[in-house]
There are 2 protein chains.
Amino acid sequence: MNTLQKLDHIDRKVLEILQSNAKITNAQLSKEIGLSPAPTLERVKKLETSGIIQSYHAQLDREKVGLGVTTFVQITLVGHKKQVTDSFVEKINSIPEVVECHHITGSGDFLLKVISKDISSYQRLMLEKINEIEEVASTQTMVILSTFKESKVLPIP
Amino acid sequence: MNTLQKLDHIDRKVLEILQSNAKITNAQLSKEIGLSPAPTLERVKKLETSGIIQSYHAQLDREKVGLGVTTFVQITLVGHKKQVTDSFVEKINSIPEVVECHHITGSGDFLLKVISKDISSYQRLMLEKINEIEEVASTQTMVILSTFKESKVLPIP
DNA sequence: CTTAAATCCGAATAATCTTCGTTTTTGCTC
DNA sequence: GAGCAAAAACGAAGATTATTCGGATTTAAG
């Protein structure tokens, strides 16, 4: 499963470029990595079929689509049995406003990233959805005041 | 600046599709939204030039590129003067392993998302980089044990 | 060295995007 | 509702881009 050593420095460059600009043409990409279009495309295809590149996504301006509030919510569950977390995760997955859900160490069991229109719709979501989940014992919210970095490029070692 | 009411239900569908699959062809997209290719392209271009669609990114498999550890790090700074946070943010921006940096409410001043090869490289990053920043008073880390949801699709209201 | 496999190149073909003139729909105003 | 102007959508032609393929070059092992 270790697909590591198969990446040479050209592959890394391809990955770096596609992470920051997925819409680049193959011709342009080939210029930037110093190869001709044919082997460039072959490398990209190989990265896709091997699963190293999982998918491609458009990144939206949250403000412009009317989503002004992003929060991180720490969740403590009522217990730690498998059935409790499974049930919790299943319910979380059906809530579109929860865009991330991580099982974490430290205080609290889960950390959610929640995206809302405004504070009042955030409050409504918490009262009517999150806190209504029976497995949830308590929550603690961190509201994002401003975001200074949001990189889509991983630090490939 | 409120670019909200300009989005009809077709625009929303376009945004939803492009968020989950940016590599779809214009012809395929036009079928899915029930228009011909020409006005479909026109809509996408308009969404791009208006800045609602900011960019396009390839999503990688972190494990497969050798990045096994993701953490959230809460940072408390030594003060709250503008110069302190400015200096901190500037240093953070030069660290590729820090992929997100948010100014937050609640305990701690900032929340970082940090991506590392493994625990020991995470430890090295904290000791040699983060804790070396003079504005940092203390840190508290949450290690992600597993991720149950990581949606790239915003809940457009 | 020798050789086999892998990689890369260049050019032709296929697929897709993009433009443009025309037609249809939409939303007012009377 | 009827008429009309603006906006949106259509279809087909032209322009770009992706993709394929045979052959040349490089790489790595023996």
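The values are calculated or read from the model by the stated rules, or taken from the named source; none is laboratory data. Being a predicted model, the structure only gives us computed values, none of them experimental. All Cβ positions, even for glycine, are placed from backbone atoms using ideal geometry, and neighbour counts span all protein chains on display. Heavy atoms of the whole protein, side chains included, go into the accessibility calculation; ligands, DNA and RNA do not. Shrake-Rupley method; radii C 1.70, N 1.55, O 1.52, S 1.80 Å.
B:I92 meets all of the listed conditions (1) surrounded by fewer than 18 Cβ atoms within 10 Å (Cβ to Cβ); (2) within 10 Å of chain A (Cβ to nearest Cβ); (3) more than 14 Å from DNA strand C (Cβ to nearest atom) but one, namely (1). On inspection, A:E100 does not qualify as open to solvent by 50 Å² or more (accessible area, probe 1.4 Å) and either among the charged types (D, E, K, R) or not in a helix (DSSP H, G or I) (or both). The number of residues in region B:14-32 that are within 12 Å of DNA strand C (Cβ to nearest atom) and assigned to a helix (DSSP H, G or I) comes to 7. Count of region A:40-59 residues, restricted to those that are near DNA strand D (Cβ under 8 Å from one of its atoms) and open to solvent by 20 Å² or more (accessible area, probe 1.4 Å), is 3.
Of the numbered criteria (1) at the interface with chain B (Cβ under 10 Å from one of its Cβ atoms); (2) touching a residue at least 12 places away in the same chain (Cβ under 8 Å); (3) in a loop (DSSP other than H, G, I, E, B), the one A:L35 fails is (1).
A:A27 satisfies every condition listed in (1) open to solvent by less than 50 Å² (accessible area, probe 1.4 Å); (2) touching a helix residue (DSSP H, G or I) at 6+ places or on another chain (Cβ under 6 Å) except (1).
B:S151 falls short on exactly one of the conditions (1) out of contact with any helix residue (DSSP H, G or I) (no Cβ under 9 Å at 6 or more places or on another chain); (2) surrounded by 16 or more Cβ atoms within 10 Å (Cβ to Cβ); (3) at the interface with chain A (Cβ under 8 Å from one of its Cβ atoms), and that condition is (1). Checked against the criterion of being acidic (D, E) and more than 10 Å from chain A (Cβ to nearest Cβ), region B:124-132 contains one or more residues that satisfy it. Hey, B:V114 hits all of (1) at the interface with chain A (Cβ under 8 Å from one of its Cβ atoms); (2) touching a helix residue (DSSP H, G or I) at 6+ places or on another chain (Cβ under 8 Å) but one; which does it fall short on? Of everything listed in (1) at the interface with chain A (Cβ under 8 Å from one of its Cβ atoms); (2) touching a helix residue (DSSP H, G or I) at 6+ places or on another chain (Cβ under 8 Å), B:V114 misses just condition (1).
Being part of a strand (DSSP E or B) and out of contact with any helix residue (DSSP H, G or I) (no Cβ under 9 Å at 6 or more places or on another chain) is not true of B:M126.
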